[in-house]
Structures are given as structure tokens and as C-alpha cells.
Amino acid sequence: MMTTAGQQENRVHPEEVYRIDPRLILMMAVVFIAVVFTTFSWAGLLVLSGSALTLLYYLGCVETFRQRLYWLRWFLLFILFIHLLLSTGHTLFGLSWLSRDGLLHGLLISVQIVTALAFSLALSHLVSPERLAAAAASLLRPLSMAGFNVQGFVNQAVIALNFAPVLKEEGRKILQENEAVIGEVESRGLTGRLLALQSRVSPLLISLADRADAMAHDAAADRDYPPAAEKLPAFWPLARQENVAVIIALLLLLVVWTLP
């Protein structure tokens with residue numbers, strides 16, 4: 001039986017099944033995103049892209065990833081056209097103002113951005129905001145010895161992560177309330193779309209300001225706000241499933257580095 005996108009989003013996350021330490025997941029995500037932007041081999045980049053897409057499919061968030069790509073479509077096309085028109089190298093179709101090398105380089109950068117987006121989306125589905133903040137606090141704790149206000153940074157991160165669902169909720173509410181009006185305005189072409197965007201942004205900003213004001217009052221009344229980051233158990237030694245994850249990640253990185 002086929003499942004809907006909403007049902008796919010409700011799949012059990014692997015972290016809930018295997019309970020991999022969020023610090024390990026965060027470090028692996030950062031490493032893989034860094035490797036994506038330092039890999040200029042098509043073979044290695046395709047291996048990373050395939051691995052990221054496989055992970056997204058396993059997490060059941062392919063539809064969410066497709067939506068993110070749709071939102072970024074003009075940005076990715078802009079990257080392609082900029083490199084196509086302004087780069088030096090071999091020409092395309094014999095036209096001096098079109099660069100074949102620029103087109104290939106633009107495609108490479110676009111694939112890097114898409115792959116990094118896939119890894120970051122997988123991170124957001126593997127680790128809850130609270131556990132992600134706890135992992136960041138644990139990994140950044142040594143910086144407090146150098147005078148950095150790690151706890152203040154973590155508190156701000158917790159507030160931002162808790163505000164993200166509010167933004168999503170308010171945005172969905174605005175769309176539902178103005179769906180008929182927005183649909184009618186968008187049918188008028190480019191001008192209608194701009195008016196539809198304006199009709200969405202203004203109520204959204206007002207509602208977000210109201211919610212932020214309410215959260216500020218709650219913070220002033222509650223001394224325990226923002227909520228303290230979750231205390232994580234000892235990182236070492238790694239559990240069996242964490243060792244397996246590290247071995248798979250190292251093998252994947254080894255494959256990427258050895259490809260031409």
C-alpha cells in the first residue's frame with residue numbers, strides 16, 4: 001500500500017531505533033558537508049549525492065527534499081547562467097559568450113549545494129532540536145576555557161530551534177486562511193504573484209511578531225527559560241551501532257578520496 005508524504009514524514013527515525021549519539025551524528029554531518037564542498041571530482045560527488053539521497057529515502061523525507069529543491073530552483077539556475085556567461089574556457093556551440101567549462105563548473109557547484117542540502121536535511125530528521133543543541137553544547141564546551149560564552153550561544157540556538165516550528169505553523173495558517181484569495185491573485189500573471197507574495201508576507205510578519213512577543217513575556221516570567229540543553233551521557237566508549245556508523249562513514253570517505 002502506497003504511503004502519502006505526510007505518512008512518510010511520520011516514519012520512525014533511525015536515531016530512535018539505534019539511539020546513535022547526537023554528537024556523533026552532528027560531527028559526521030559537518031564532516032560530510034565539508035567534504036562535499038572540497039570534492040571537485042564528479043565521481044566522488046556522485047557517490048556522496050547517492051549516499052545522501054539513499055539516507056533521505058530511508059528517513060522518508062524525499063518529498064520534503066523535493067520541495068526544498070523547488071524553492072531553490074531559481075538560485076540554482078542563476079548559478080548555472082552566471083558560470084555559463086562569465087567564465088573563461090572552451091566555448092559552447094561555437095559561441096564566444098557561452099563557456100562550456102563554465103557550464104560544467106556551474107553544474108558541479110549546483111550538485112554540491114544540493115548534496116549539502118540533503119545532508120543537512122538528514123541531520124534535522126535524525127536529531128531533534130533539543131538533542132542537537134545539547135550536542136553542540138557538549139562539542140563546544142572546551143571553547144569556554146578560552147573565554148567564549150558557549151552557554152549563551154547554546155541558549156540562543158535553543159530559542160531559534162524552538163521558534164522554527166512556530167514559523168512553519170504560522171506560515172501554514174496564513175496559507176490556509178488566504179488560499180482562495182491568493183489563488184485568484186496568482187492567476188493574473190507575474191504582477192499577481194507579486195501581490196500574492198505581499199499578501200502572505202505582511203500577515204506572517206505580524207503574527208510572528210505577536211508570537212515572539214508572547215514568548216518574550218514567557219521568558220521574562222520563567223527563570224528556567226530557555227530550557228536547558230539535555231545532558232548527554234559519556235561519549236566514549238562508542239556503542240556497537242555507533243562503531244558501525246563510523247566504519248561506514250570512513251569507508252565512504254575512503255571511496256570518495258580514492259576516486260579519480
Considering Thr64, Thr54, Thr88, which residue is among the polar types (S, T, N, Q) and open to solvent by less than 70 Å² (accessible area, probe 1.4 Å)?
-> Thr64
Which condition breaks for Phe148 when tested against (1) surrounded by fewer than 18 Cβ atoms within 10 Å (Cβ to Cβ); (2) among the aromatic types (Phe, Trp, Tyr); (3) assigned to a helix (DSSP H, G or I)?
-> (3)
Considering (1) part of a helix (DSSP H, G or I); (2) among the β-branched types (Val, Ile, Thr); (3) touching a strand residue (DSSP E or B) at 6+ places or on another chain (Cβ under 9 Å), say which one Ile113 fails and leave the rest.
-> (3)
Is it the case that some residue within the stretch 10-27 is open to solvent by less than 90 Å² (accessible area, probe 1.4 Å), in contact with a Pro (Cβ under 8 Å, 6 or more places away or on another chain), in a helix (DSSP H, G or I) and modelled with pLDDT of 85 or more?
-> no
Counting only residues in the stretch 107-127 that are modelled with pLDDT under 90 and open to solvent by less than 40 Å² (accessible area, probe 1.4 Å), the one farthest from Leu46 (Cα to Cα) is identified as Val127
Only listed residue being open to solvent by less than 70 Å² (accessible area, probe 1.4 Å), over 25 Å from Trp257 (Cα atoms) and either assigned to a helix (DSSP H, G or I) or not charged (D, E, K, R) (or both), chosen from Leu48, Leu80 = Leu80
Whichever residue in the stretch 128-170 is among the polar types (S, T, N, Q) and under 28 Å from Leu55 (Cβ atoms) and, among such residues, is modelled with the highest pLDDT | Ser138
Are there any pairs with C-beta distances below 7 angstrom linking a residue in the stretch 102-131 that is closer than 16 Å to Met27 by Cα to a residue that is of a type in the set (Phe, Trp, Tyr), with the two at least 6 apart or on different chains, and if so which?
-> Ala116/Phe37; Ala118/Phe65; Phe119/Phe32; Leu121/Phe65
Counting only residues that are among the hydrophobic types (A, V, I, L, M, F, W, C) and surrounded by fewer than 18 Cβ atoms within 10 Å (Cβ to Cβ), which one in the stretch 91-106 is modelled with the highest pLDDT?
-> Leu104
Right, Thr39: of a type in the set (Val, Ile, Thr), closer than 15 Å to Ile113 by Cα and either exposed (fewer than 11 other Cβ atoms within 10 Å of the Cβ) or at pLDDT below 90 (or both) or not?
-> yes
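The values are calculated or read from the model by the stated rules, or taken from the named source; none is laboratory data. Just so it is clear, the model here is predicted, and its values are computed rather than measured. FYI the Cβ positions are ideal-geometry reconstructions off the backbone, even for glycines, and counts take in every protein chain you see. Surface accessibility is based on the protein's heavy atoms, side chains included, excluding ligands, DNA and RNA. Shrake-Rupley method; radii C 1.70, N 1.55, O 1.52, S 1.80 Å.
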